[in-house]
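The values are calculated or read from the model by the stated rules, or taken from the named source; none is laboratory data. Bear in mind that the values here come from a model prediction, so they are computed numbers and not experimental data. All Cβ positions, even for glycine, are placed from backbone atoms using ideal geometry, and neighbour counts span all protein chains on display.
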Amino acid sequence: MGKLKPTTAWFIADANVLIDYAKTSPAILGLVSQHVGPVYVVADVLEEVEQLDVAQCNAIGLKVVEGNLAQLTEASQRGGPLSFEDKLCLVMARDNGWACLSNDGPLREACKAQGVQVVWGLEIMLALVEGQHLTAAAAIKAAQAIHAVNPMFITAEVLTAFKKKVAEKIAKK
């Protein structure tokens, strides 16, 4: 992924990214909304996330949105590896020109196939570090916490690569 543009980056978060941050450091998503670009959450996706509700999303600056009838209809089509909620994230990202915040392999592949920009869950913190809205230490601490609650997908290798990218951002300053 190329450098995120603070004035034009808008995001839609899938359930896995929301869960990772909700369990560890939900305020970081608020910082993304405040300093990088709005973060949208589809109401249907939020229902999958036991750790967050609409009021909590509003409090940290996430925007809860509903799909329109055409989007809901498209997402409800059967077939393929994606759940209804993942399809809805994809459709809404595509229709609105948003980047999809996801660690989900099939969703990321489907986004790429439809020309939708995808951003890894940890990757979004790099823009915060670069813009000096989050310290490198805080980003690494959050990534370590996410690794601790989700070691299957945020592996030690992913964590090591993230730390390296944070160090590169710091070295540029």
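For Gly131, the test of being touching a Pro at 6+ places or on another chain (Cβ under 7 Å) and either within 16 Å of Thr24 (Cα to Cα) or modelled with pLDDT under 95 (or both) is passed. Among residues that are at pLDDT 95 or above and either out of contact with any Pro (no Cβ under 9 Å at 6 or more places or on another chain) or more than 19 Å from Ala22 (Cα to Cα) (or both), Ala145 is included. With a requirement of 1 or more residues that are touching a residue at least 12 places away in the same chain (Cβ under 8 Å) and under 23 Å from Lys163 (Cβ atoms), the helices (runs of 4 or more DSSP H) lying completely within the stretch 49-144 that satisfy it span 124-130. Note on the stretch 30-47: residues that are touching a Leu at 6+ places or on another chain (Cβ under 8 Å) and either in contact (Cβ under 8 Å) with a residue 40 or more places away in the chain or not in a helix (DSSP H, G or I) (or both) amount to 11. What about Val45, is it within 13 Å of Ile124 (Cα to Cα) and crowded, with 22+ Cβ neighbours inside 10 Å? When the stated conditions are applied, Val45 does not pass them.
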